[in-house]
Amino acid sequence: MASTAPQLKQRLHIILLGVNDVAKAAAFYEALGWKRAPSSHAGFVKFDLGGFALALISREDLAKDALEPSAHGTGFSGVALIHLVPKAEDVALTLARAAEAGGTLVKPATKTQWGTAGYFRDPDGHLFEVDHEDVWVFDEKDHLVVQ
């Protein structure tokens, strides 16, 4: 029997991160230079990422909303958010800024077979890769062009 539900469009609108302290987490991203959306409030902070958003909510509230039995998991999640930079030298600079803002350096800027990359964790343990590769192309609005 065919489903009558519409197909899921090939896009994401919001990346929702469960954090231990919304205010502290928001301060970390603001220290990276990101601007909080005016409609944010103490329990839900949003950052406009140019057509989609990064949103912060308490880990407890997220678990409750998703009907999870516990707000705290263990082990490697297998998920990383990637921030692309325009020049190879920007990888180390971005990693340093994240560490200065309260993040944890996981892997320093390292030459790879594709370019230069490194990793940091935000104060709640979410893994970010900072990457530069010549293959990535951006449009005039700095949006990634996936080829």
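Relative to its Kirkwood radius, the Cα radius of gyration of segment 22-72 gives an Rg/Rh of 1.02.
Given segment 72-114 reduced to its alpha-carbon atoms as identical point scatterers, what log10 I(q)/I(0) does the Debye formula return at q = 0.24 Å⁻¹? Log10 I(q)/I(0), no solvent term: -1.00. Computed with a 1.4 Å probe over protein heavy atoms only, the accessible area of residue 70 comes to about 70 Å². Counting Lys +1, Arg +1, Asp -1, Glu -1, what net charge surrounds residue 101 among other residues with beta carbon under 10 Å of its beta carbon? Cβ neighbours under 10 Å give a net charge of -2. Accessible area per residue for the chain, computed on protein heavy atoms with a 1.4 Å probe, is 70 Å².
How charged is the neighbourhood of residue 31? Take every other residue with its Cβ under 11 Å from the Cβ of residue 31, and add Lys/Arg as +1 and Asp/Glu as -1.
So the environment of residue 31 carries a net charge of -1.
Each part reduced to its alpha carbon centroid, segment 1-38 and segment 79-138 end up 19 Å apart. Direction-averaged projected area, Cα convex hull, segment 49-92: 5.2 nm², rounded to one decimal. Each DSSP beta bridge with both residues in segment 1-111 is either parallel or antiparallel, and the antiparallel ones are about 55%. Computed over all pairs of different Cα atoms, the Kirkwood value for the hydrodynamic radius of the chain is 17.0 Å. On the basis of the beta-carbon distance and an R0 of 22 Å, residue 24 and residue 97 show a calculated FRET efficiency of 0.80. Legend: calculated FRET efficiency, residue 146 to residue 70, from the Cβ-Cβ distance at R0 = 35 Å, rounded to 0.05, equals 0.50.
With a Förster radius of 35 Å, plug the Cβ-Cβ distance of residue 139 and residue 111 into 1/(1 + (r/R0)^6) and report the FRET value to the nearest 0.05. Before the final figure, lay out the partial values.
Details: r = 27 Å, r/R0 = 0.78.
So the FRET efficiency works out to roughly 0.80.
Kirkwood hydrodynamic radius of segment 1-85 from all distinct Cα pairs, in Å?
14.9
Starting from the residue with the highest accessible area, list 114, 34 in decreasing order, probe 1.4 Å.
Of 114, 34, the descending order of accessible area is 114, 34.
Over the chain, with every protein chain in place, what whole percent of the accessible area is carbon and sulfur at 1.4 Å, could you tell me? Here carbon and sulfur together make up 56 percent of the probe-accessible area. Straight-line cross-link reach from residue 35 at under 29 Å between alpha-carbon atoms covers these lysines, not counting any fewer than eight positions away in the same chain: 9, 24, 46, 64, 87, 107, 141.
The values are calculated or read from the model by the stated rules, or taken from the named source; none is laboratory data. This structure is a prediction, so every number in the text was calculated from the model and none was measured. Note that each Cβ is placed from the backbone with ideal geometry, even for glycine, and that neighbours are counted across all protein chains shown. All accessible areas refer to the heavy atoms of the entire protein, side chains included, with ligands and DNA or RNA removed. Shrake-Rupley method; radii C 1.70, N 1.55, O 1.52, S 1.80 Å.
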